[in-house]
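Below is one structure, written out as structure tokens, with a few remarks after it.
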Amino acid sequence: MSNGLIKRAALLGALGLALLAAPSVAEYGDVVLNKVSEKNGVRPVVFPHWFHRVRFRCKVCHSELAFKMRAGANVVTMADITNGKFCGMCHNNQIAWGADKCDLCHSGKPGLKSGIYGGHQTSGPGRW
Amino acid sequence: MASTLAGLPLLILLLVSVIASAQVSQAARKWLPLAADGIHDPKNPSLRLLQEPAESLSRLPADTAGNQVHWLQALEGGAINPRTNILPGTQVMVIDLDIYLNMKGGTPIVRFPHRAHTLWLDCSNCHQHLFVSKAGANKLSMNAMLNGEQCGVCHGAVAFPLTECNRCHNTPRNKPLPAGALRGL
């Protein structure tokens with residue numbers, strides 16, 4: 001390999017880094033749910049995948065509990081949760097702490113849109 | 001010809017990402033504190049009650065992308081033992097079945113491991129809406145994946161990202177495949 005080629009490859013590498021490793025915001029796989037929260041005067045909800053996948057396999061939420069695998073595709077309300085659906089399947093003071101701990105779920109920055117955060121995510125028609 | 005040309009930028013990307021990931025692996029792993037991650041409200045008095053990613057993830061096997069955790073090694077090595085079900089009646093299924101994809105392309109062949117996937121996922125997470133369960137029945141495309149479809153539903157969102165080309169393009173084209181290997185398109 002010639003010197004020039006190595007330099008060019010390094011340049012491309014740097015470019016690739018800039019393009020691919022976009023400035024990291026949030027942890028990889030963090031989901032913001034804000035379809036109804038802010039409209040009703042509470043902070044958006046942040047759902048951390050990394051935290052939950054240490055404890056549960058994907059199939060628990062995405063098969064047993066039927067969470068659709070598309071950020072924003074699930075219409076979740078607080079009434080559902082207190083009735084034991086969605087997050088409330090576990091956040092019921094049995095499997096995990098209960099729905100009274102508002103600020104642990106409603107922890108997002110005001111103004112955030114629903115969706116997946118944390119960089120690397122792909123974008124395009126499949127998303128919308 | 002047109003499709004060869006379309007593959008060219010992707011091939012360059014493959015090269016680039018190999019170089020990039022070599023660079024990343026040199027650096028120590030770092031995770032943003034929640035208060036500075038851009039999505040948590042630093043004014044939330046309960047923020048300090050949440051676990052910092054660094055506290056949990058730094059103890060798990062290292063990777064260079066995504067959560068910087070090699071989730072499969074974490075699971076198979078026993079570093080984590082996530083629950084497979086919470087309802088008592090659920091049938092939990094793991095199958096060991098490799099399918100070789102991308103048989104006609106220029107980049108290395110893609111060995112799709114059912115075992116690695118079904119340890120985490122249920123069949124219904126892929127079959128039949130993302131992939132028909134028949135080797136060779138699905139027309140896959142790297143572009144669709146980059147748009148968050150097919151393999152890109154998870155890879156690029158929660159499972160290791162699409163920048164890790166060689167984790168999927170993992171099988172050299174110039175060696176014979178195991179006898180009886182199942183082949184896709």
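The values are calculated or read from the model by the stated rules, or taken from the named source; none is laboratory data. Nothing here was measured: the structure is a model prediction, and the numbers come from that model. No Cβ is skipped: glycine too gets one built from the backbone with ideal geometry, and neighbour counts run over all protein chains shown. Ligands, DNA and RNA are stripped out before the accessible areas are found, and what is left, the full protein with its side chains, is counted by its heavy atoms. Shrake-Rupley method; radii C 1.70, N 1.55, O 1.52, S 1.80 Å.
Considering only residues in segment B:138-157 that are in contact (Cβ under 8 Å) with a residue 40 or more places away in the chain and in a loop (DSSP other than H, G, I, E, B), the one that is nearest to the chain's Cα centre (by Cα) turns out to be B:Leu140. Total residues in segment B:122-136 satisfying the condition of being touching a residue at least 12 places away in the same chain (Cβ under 8 Å) and not in a helix (DSSP H, G or I): the figure is 5. May I ask you to list the residues in segment B:18-43 that are in a helix (DSSP H, G or I), modelled with pLDDT of 50 or more and facing chain A (nearest Cβ under 9 Å)? Across segment B:18-43, the qualifying residue is only B:Leu34.
When B:Arg111, B:Arg115 are checked against the criterion of being within 17 Å of the chain's Cα centre (by Cα), within 14 Å of B:Gly184 (Cα to Cα) and open to solvent by 70 Å² or more (accessible area, probe 1.4 Å), B:Arg111 stands alone in meeting it. If the condition is being in contact (Cβ under 8 Å) with a residue 40 or more places away in the chain and within 15 Å of the chain's Cα centre (by Cα), then segment B:52-97 contributes B:Asp63, B:Thr64, B:Ala65, B:Gly66, B:Trp71, B:Leu72, B:Leu75. In the set B:Leu177, B:Leu121, B:Leu146, only one residue is out of contact with any Lys or Arg (no Cβ under 9 Å at 6 or more places or on another chain) and surrounded by 15 or more Cβ atoms within 10 Å (Cβ to Cβ); that residue is B:Leu146. Residues in segment B:44-69 that are facing chain A (nearest Cβ under 7 Å) and in a helix (DSSP H, G or I): B:Leu47, B:Leu49, B:Pro53, B:Ser56, B:Leu57. Can you name the number of the only condition in (1) assigned to a loop (DSSP other than H, G, I, E, B); (2) at the interface with chain B (Cβ under 10 Å from one of its Cβ atoms); (3) more than 20 Å from B:Pro82 (Cβ to Cβ); (4) open to solvent by less than 60 Å² (accessible area, probe 1.4 Å) that A:Asp103 fails? If we test A:Asp103 against (1) assigned to a loop (DSSP other than H, G, I, E, B); (2) at the interface with chain B (Cβ under 10 Å from one of its Cβ atoms); (3) more than 20 Å from B:Pro82 (Cβ to Cβ); (4) open to solvent by less than 60 Å² (accessible area, probe 1.4 Å), just (1) comes out false. Pairs meeting the criteria (first residue in segment B:171-185 and β-branched (Val, Ile, Thr), second residue surrounded by 10 or more Cβ atoms within 10 Å (Cβ to Cβ), beta carbons under 6 Å, at least 6 apart or on different chains) are B:Thr171/B:Pro108; B:Thr171/B:Ile109; B:Thr171/B:Arg111. With respect to (1) more than 23 Å from B:Pro53 (Cβ to Cβ); (2) assigned to a loop (DSSP other than H, G, I, E, B); (3) open to solvent by 30 Å² or more (accessible area, probe 1.4 Å), the lone exception for A:Gly111 is condition (1).
Restricting to segment B:158-168, name every residue that is in a helix (DSSP H, G or I) and among the charged types (D, E, K, R).
B:Arg167
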